[in-house]
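Engineer: Questions regarding the structure given below will be posed in turn.
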Amino acid sequence: MNMNLNTNEILTTTDYDMFRKISNRKITENPKLEEELLSEGQRQPILVNQKMEVIDGQHRLYYLRKHRKSVRYIIDPTANFKTVISMNTSAVNWALQDYVYSFALEGDPEFIKLSKFLEENELLSDKMVIVAGSGRRDGTASQVIKRLRNGDYVFSNEKQLREFCKFYERVLNETKLPNKPFLQSVLWTLYTTSVFDENRMLTQLKKSDLTSEDIEGFAKKKLLLNFFRNLQRKME
């Protein structure tokens, strides 16, 4: 391929194997995007660097390949993830893991640790890990996420979060509770209190025999309050 001629031109191909995936970024299903590509076609070209590594458009490529559609792409030898983050029309569609992996690829040690943790602990939602991993001193969840998107993040609570993962896995294995992000958040809040006892909590949850149907209608605040009350009664 003549890079000088093709740089920044919109090209088309059905040779899906020519594209290379950077890192182990997970592909999450996006039915809306899939439907849009099938009904309206590919509006935005995929962005690749000189090595044909996909900088932006991994999900588009996934669905185009799935349905054997031609791929429109642009080669930019200077493109990297920072380029995409500065492109508001593209970056707004990024998942949190995309930001994490992109900054990890840039060599940021905190994001490298966070990226590895996310890959090793798929039970927990990305948002839960990111917010809990930053520690209490970093403000609200929205503030933590905003800073992360700008490349500002310190994975300061990794040790406690790893311990929580082991506890949470026990909860899922030993009770009928479902794996839900709001349940993760509630249990994490309880886990970080000074009076928390893992074994007592597990015993309590087993006795309560809560199921997915039992907690599905709870708002987060109500569920959290209910757990706190049960915990308090158990500790008395």
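The values are calculated or read from the model by the stated rules, or taken from the named source; none is laboratory data. Computed from a prediction, not measured in an experiment: that's the story for all the values here. Because the Cβ atoms are built from the backbone with ideal geometry, glycine has one as well, and the counts that use them run over all protein chains shown.
Engineer: Within the stretch 179-201, how many residues turn out to be surrounded by fewer than 16 Cβ atoms within 10 Å (Cβ to Cβ) and more than 21 Å from residue 130 (Cα to Cα)?
Structural biologist: So the count comes out to 7.
Engineer: Tell me whether the stretch 154-161 contains one or more residues that are loosely packed, with under 15 Cβ neighbours inside 10 Å and more than 22 Å from residue 118 (Cβ to Cβ).
Structural biologist: no
Engineer: Residue by residue through the stretch 100-125, note down the ones that are in contact with a Leu (Cβ under 8 Å, 6 or more places away or on another chain) and closer than 17 Å to residue 152 by Cβ.
Structural biologist: Answer for the stretch 100-125, where residues must be in contact with a Leu (Cβ under 8 Å, 6 or more places away or on another chain) and closer than 17 Å to residue 152 by Cβ: 100, 104.
Engineer: If you check residue 121 against the conditions, is it surrounded by fewer than 20 Cβ atoms within 10 Å (Cβ to Cβ), within 16 Å of the chain's Cα centre (by Cα) and at pLDDT 90 or above?
Structural biologist: Spelling it out, residue 121 is indeed surrounded by fewer than 20 Cβ atoms within 10 Å (Cβ to Cβ), within 16 Å of the chain's Cα centre (by Cα) and at pLDDT 90 or above.
Engineer: Let me ask you something else. Give the residue, chosen from 163, 106, 169, that is outside the structural domain of residue 213 (by TED's automatic domain parsing), acidic (Asp, Glu) and either farther than 30 Å from residue 209 by Cβ or more than 14 Å from the chain's Cα centre (by Cα) (or both).
Structural biologist: 106
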